[in-house]
Every structure is written in structure tokens, then in C-alpha cells.
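Colleague: This is the structure I have questions about; it appears just below.
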Amino acid sequence: MGILSNAYRQAMIGAGLMAAEAHAASEPAAPAAGATTASFRESAGATVDADDASWTRLTGRSEKDLDPLTQQRANKLAQHLWQSNPLANRLIELPLAYLLGKGVKLRAADAEAQTTLDRHWRDCINAWPIKLPKRIRELSLFGEQCWPAFTGGNGFVRIGYLDPVRIGTVVMDPDNGEQPIGIVTKTDGRGNAKRYRCIVNGPESVFTERTQEIRKTFTDGDCFYFRINDLCNGQRGRGDLVPLLDWLDAYDEFLFGEMDRADFMRAFVWDVELTGADQTEVDRRAQQIQAPRPGAVRVHNENEKWNAVAPELQAGDGSIAARLFRNQILGGNTLPEHWYGGAADVNRATGESMAEPTEKAFEMRQAYLGHMLVEVATYVLRARWGALDGRDLTEDEQVVIDGLGVEWPEMTTKDTTRYATALQQVITAAADAMDAGLVSEKTALTIIAALAAQLGVDIDVEAELKAAKADLAARGGSAKDLLKAPPLPPDAAGDGDDAVATDVPDAEAVPAG
């Protein structure tokens, strides 16, 4: 069994749960004669507060989540491996570097909204440029993040942090099993638990009346709750390393074993053979012999032979097994082998093609991180506008919210040479197809826009067509010239007297000599 399953079994034994299950499954023994009997009732579940009806999951415990003991153990193991295992560390840090390498920034089309977001982003407590990488790292390690939000009287929002280890219960909407509505922390030393209401950027009327009543019981503030690697009706997220914990541990054990084997392979002993000596002579000589130091002189007669004997373990090449373990782990995390030093059989072409699935996985994670940041930005603006009381946003406010986005760093540096060459060919082909009446102007520009996107240029086809036609009209062109190069001016055509440079002096005007 793996380290995660073993830990879970040990935790169950420590808590006495397995003994309770065995007792419940066995037949009760008959009491001895004259012995007094007393009723015995086994407890089930746990109560953290007297009014547990106000926070207990109404949808029941989901069987699609890890057991709390297992989840807690998985989080501890993930943190430990990230700190001690180089491969586990790279599985977390490499995607983080690709996603946040040069930092991100919130963008709003409205100048006043942009100022509000910039102040929130650079605030001394929020300090997003410093804290965001740490939070995304923990999201990958633990599978969830909980950020309490604190709003001042002036509508300024500061974001806090709740350690995922302290999350006791995620309360789900009883009428919508995939929507978290509240977080209940584990009890502290005094038996107190915090209750945070999960932030939903909308009025409370989006919930049913029953759910609204439950949400009113979360009186310790509002919080953002995000999770990854979860299922629709699961309450908790899972870290990226959870499926790989046992494999990472096995890889560690294997490498330590290879290190021990290397030490054994370098070891040797001196074998001394004494010819014609009895046991007494052998014992006496054994007490006298000392291993010679490097450069020492050893003198003996023909009856004594010395040989350095090294072990022959007949062990195969460990690199093959190491690669097998490593590829199992890297493949499970959608990372190509050559990203971790295994580039012996990889050239540039295969390296680029092998990286494509990894980039797609990163883009999916980036999309979710963008959702997280836009949710925070939306809450910040709603607080600034005084719209946290449940009022509907005005039309202008909604336009600002709809225009929110995240400016990401370039994930990878692409070879644009082939795209630039292909773009020229595509433009020519699209123009020919349009002249032949096979495609419309919009379709032709859509084809060009698809290739331009590979160069990092996003083209709005409708707006670009309108602007292009306006430019053509200003130059005296027509719609059929939309995808063709503009005609050269007469002076540059080279087909008339106008092509002769006028600043060359007349031959007759040149003085003789």
C-alpha cells in the first residue's frame, strides 16, 4: 500500500474507528453468569457546535471527496514533498513560472475603475505582486484557497488568507449541489469556529429562499472560495500532487537505493590467502594484518597472496528504471520528459510537438486563474460603488464589469518565422478565393485572423472590415481591392516619362571638361 493509504489506515487505527467497525460487525458475546450489563451506544459523526443545524451540510457528505483524514494527510505530504523532493518541487514551480513569470495585471476599460483596481492591487496589505504566486502555489498544492474579504467604510477592499488546513466544512447549496455557500472553520482551542459566507457577485435573490436563510447564519464575514481538481458535487478541491504522492515517494526510495548500490559497488575487501598455514597460523596472521594505506609498502613471501575483491551484484542499469518512474510522474502531470533533463532522444521538432499538450493544460489553468482574479476585481468595484447591499448594477457599471480582464505574460516564445511565411501565402490564397467568388470578405478575413492569432494578434473581423473599407475609400480603392496591395503611384511604376528623375541635370547643361 502507498504512503497515503497507509497513513489513512494508521489514522483510523489511532482514532479507534476500525475497532468500532469490527465490534459492530461481530456478534455480541453472551454476558457471564451473574455479571451486570449496561447499555452501550457508539457515537457517530462529530459536533463542533450546539447549533449545528445552521451549518451542517443539507446535501449530505459527498462520496466524491477524500475522507477528511485522508485529505489532511495528503496536504501534509504534498507540502513535505514540495520542500524535500526536487521532482515534486518542479511539478509545482514550473507551471507557476509559466503562468506568472513576469507578473499579471487587472485591466478595466474605464479609467476610474482601473485606478480603483490599481490601488487595490498595490495596497500594502493586499500586495498582490508578492502574494499571488504564493496563493497560486498553495492552490496547486492543496487544491483550494479561501480568502476572507474585509471592506472599509470607504468601500476599499483588503483580502485576507485562511489556511486550507483550517477549513472544516464547505457548506453547499441544498438546491444546487455544485455551489458552495459557506465555509466553517475547524474549532480552535476554545471550541470556537468561524463561519464565512462565500462571495457570489450578485444579489442574494439568485438563491432560493431556503438557501438565503442558511447564508444568513454565516455572520463572520465574506470570503472567496476557489477549488481545483474537483467534481461538480464535491465539496473540496484536491492538490495536483495527490495522484502522484505514492509515485514520488517510490521514486525517492529508488534513488536512495541506487545511491546505496553505488556505494556498495565501490566497496572492496582484501582477500589474503596463506599457503600451507594451519588454523592457528591463520588466526595469528589475521591479528597482525592491517589494511595497507595508499602508497604503503607490503612485504611477504610466496606463501601469502593478496587480492582486492569487489562485489559483483549483477544489477542492471538503474537509469532505465529511473526513467520509467520519472515518466510515470511527469506524464501524470502532463510535463514532457525533456523539461526535466531527459533530452537524450529529443530534437527541436519533437520537443515543440511534445510541449503542445502541456501548453494546453497550462492554458486551462490560466483560464481558471483569470476567473478567480476577475471575481476579486468585480467584488472590489462593487464595494467601491456601494453595490454590496444587493442592489442591481447600473447599465454603465455592468459594462465596466463585462470589460474586466487579466493581462498575462507571454507563456512561451514562439518561432514566428513560419507563421509569417504562412500568413503571406494565406492572404494571397484568400484574395484569390474572394475574387473567384468562392468566399466572402468576412470569411477571407476570418481565415487571416485565425493565423494572425498564432502571432499574438487578435483581430475583430467585423470592426476590421469596417475600418479597412473606410481606409480603401479614403485612398480611392474599391471593395474588391480589400485583400490586394494598393497600386503603386505613377512615379514608382517605371512605365512613363514621369519615372525619370527630374533632379538629374540636363546633359547639355553640364559644362565641358
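The values are calculated or read from the model by the stated rules, or taken from the named source; none is laboratory data. Values in this document were obtained by computation on a predicted structure and should not be read as measured data. When we count neighbours, we look across all protein chains shown, and the Cβ atoms used for this are built from the backbone with ideal geometry, even at glycine. Side chains are part of the model used for accessible areas, which takes the heavy atoms of the whole protein and leaves out ligands, DNA and RNA. Shrake-Rupley method; radii C 1.70, N 1.55, O 1.52, S 1.80 Å.
Colleague: Which GluC sites (Glu not before Pro) does the stretch 382-471 hold that lie in a coil by DSSP with at most 10 other beta carbons within 10 Å?
Modeller: Here the GluC sites (Glu not before Pro) that fit, given the DSSP loop and packing criteria, are GLU410.
Colleague: Between the stretch 201-256 and the stretch 403-455, what is the separation of their alpha carbon centroids in Å?
Modeller: 40
Colleague: Still on this structure, please answer the following. How far is it, in nm, from the label point at ASP123 to the one at GLU253 when both lie 7 Å from their Cα along the line to the Cβ?
Modeller: 4.9
Colleague: Expected output is a single nm value to one decimal: the length gained when fully extending between GLU462 and GLN279, i.e. 0.36 nm times separation in residues minus the C-alpha distance. What is it?
Modeller: 55.7 nm
Colleague: In addition: Hey, any idea what Rg/Rh is for the stretch 171-256, computing Rh the Kirkwood way over Cα pairs?
Modeller: 1.16
Colleague: Also, I was wondering about something else. Starting from 0.36 nm per residue, how many nanometres of slack lie between ALA433 and ASP396 once their C-alpha separation is accounted for?
Modeller: Once the chain is fully extended between ALA433 and ASP396, it gains 9.1 nm.
Colleague: Checking the table LYS76/LYS102; LYS131/LYS186; LYS64/LYS194; LYS102/LYS131 against a 22 Å threshold on Cα-Cα, which pairs fail?
Modeller: LYS76/LYS102; LYS131/LYS186; LYS64/LYS194
Colleague: Then there is this: If TRP408, TRP147 are ordered by their accessible area, calculated over protein heavy atoms with a 1.4 Å probe, which sequence runs from highest to lowest?
Modeller: TRP408, TRP147
Colleague: Out of the GluC sites (Glu not before Pro) in the stretch 260-315, which ones are loop residues according to DSSP with at most 14 other C-beta atoms within 10 Å?
Modeller: When the GluC sites (Glu not before Pro) of the stretch 260-315 are filtered for loop state and at most 14 Cβ neighbours within 10 Å, GLU302, GLU312 remain.
Colleague: List, largest first, the extents of the alpha carbons of the stretch 112-255 along their principal axes, each in whole Å.
Modeller: Between the extreme Cα coordinates on each principal axis of the stretch 112-255 lie 58, 39, 34 Å.
Colleague: Count neighbours as other Cβ atoms within 10 Å of each site's Cβ, and list the trypsin sites (Lys or Arg not before Pro) in the stretch 206-300 that are DSSP loop with at most 14 such neighbours.
Modeller: Of the trypsin sites (Lys or Arg not before Pro), the ones in loops of the stretch 206-300 whose Cβ has at most 14 other Cβ atoms within 10 Å are LYS216, ARG298.
Colleague: ILE447 to ALA310: FRET efficiency via 1/(1 + (r/R0)^6), r the Cβ-Cβ distance, R0 56 Å, to the nearest 0.05?
Modeller: 0.20
Colleague: Then there's this: How high is the FRET efficiency between LYS469 and GLN425 when r is their beta carbon distance and R₀ equals 22 Å, given to the nearest 0.05?
Modeller: 0.40
Colleague: Now, a different point. Compute, for SER205, the solvent-accessible surface of its heavy atoms (probe 1.4 Å) with the complete set of protein chains present, and express it in square angstrom to the nearest 10.
Modeller: Counting only protein heavy atoms, SER205 exposes about 90 Å² to solvent.
Colleague: Tell me, what is the per residue accessible area of the stretch 210-288 in Å², probe radius 1.4 Å?
Modeller: 60
Colleague: Let me ask another. When the accessible area of the stretch 196-326 is split by element with a 1.4 Å probe, what percent falls to carbon and sulfur?
Modeller: Carbon with sulfur: 53 percent of the solvent-accessible area.
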